[in-house]
């Protein structure tokens, strides 16, 4: 089928939060991300691609009964949010995980406390996937998990990492505080010998850090920080970089337990 003007407008509208909420769908762009979604258990609403992409990816779409639209390069440019438009766009149904279900998994989780930048959120989803985390908990003020830039930055990992929207009080009502660890500048500095047996790792924004209410409510919560040079100019690490360092430590700690 050819792409109509109405479908073009609809797909473009999903770049805005209010329309993602209205339709409960989202847009993915790029070969890697779209193929991962097509091979996942996400419900696919439609695929829009150039004739060349469709010719070489018949295997990726043949298992779906959704509409498949053939678009010109100019039409792909109209629906794309990228500077260099992709050859394929997928519209899929948003899929949210369950907090109780994630808390029962024997895998670590990241809780994002006001991480506003979509690129950072997408990067952390990718890191969680790489290091075998069970999911991402999106706290208040955190970027929408299905924002186009989040999906793009996850490089397909959004198809395999459950996302849950929650808040601090709800989490503390269901989780054991002894299983929570804050990534905080005032915490114990990570070293190769640091043990990280926790279930939930809380990351804050670069500008504000973690909400002070965490410590005010539970002053005995475990805290770790990432050390650096004594002559550094930087005041903080990018939250995605910090997540990668913590993820690596957690992965190595769990690996040692299996030996």
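The values are calculated or read from the model by the stated rules, or taken from the named source; none is laboratory data. All values derive from a computational prediction rather than experimental measurement. Using ideal geometry, Cβ is built from the backbone for each residue, glycine included, and neighbour counts are taken over all protein chains shown.
Key figures
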read-out	value
Members of region 91-115 that are more than 23 Å from residue 214 (Cα to Cα) and crowded, with 16+ Cβ neighbours inside 10 Å	91, 92, 94, 95, 97
When residues of region 116-132 are limited to those that are touching a strand residue (DSSP E or B) at 6+ places or on another chain (Cβ under 7 Å) and surrounded by 24 or more Cβ atoms within 10 Å (Cβ to Cβ), the one farthest from residue 23 (Cα to Cα)	128
Test for residue 172: is it within 22 Å of residue 229 (Cα to Cα), assigned by TED's automatic domain parsing to the domain that holds residue 145 and in contact (Cβ under 8 Å) with a residue 24 or more places away in the chain	no
Odd one out for residue 84, checked against (1) assigned to a loop (DSSP other than H, G, I, E, B); (2) in contact (Cβ under 8 Å) with a residue 12 or more places away in the chain; (3) exposed (fewer than 15 other Cβ atoms within 10 Å of the Cβ)	(2)
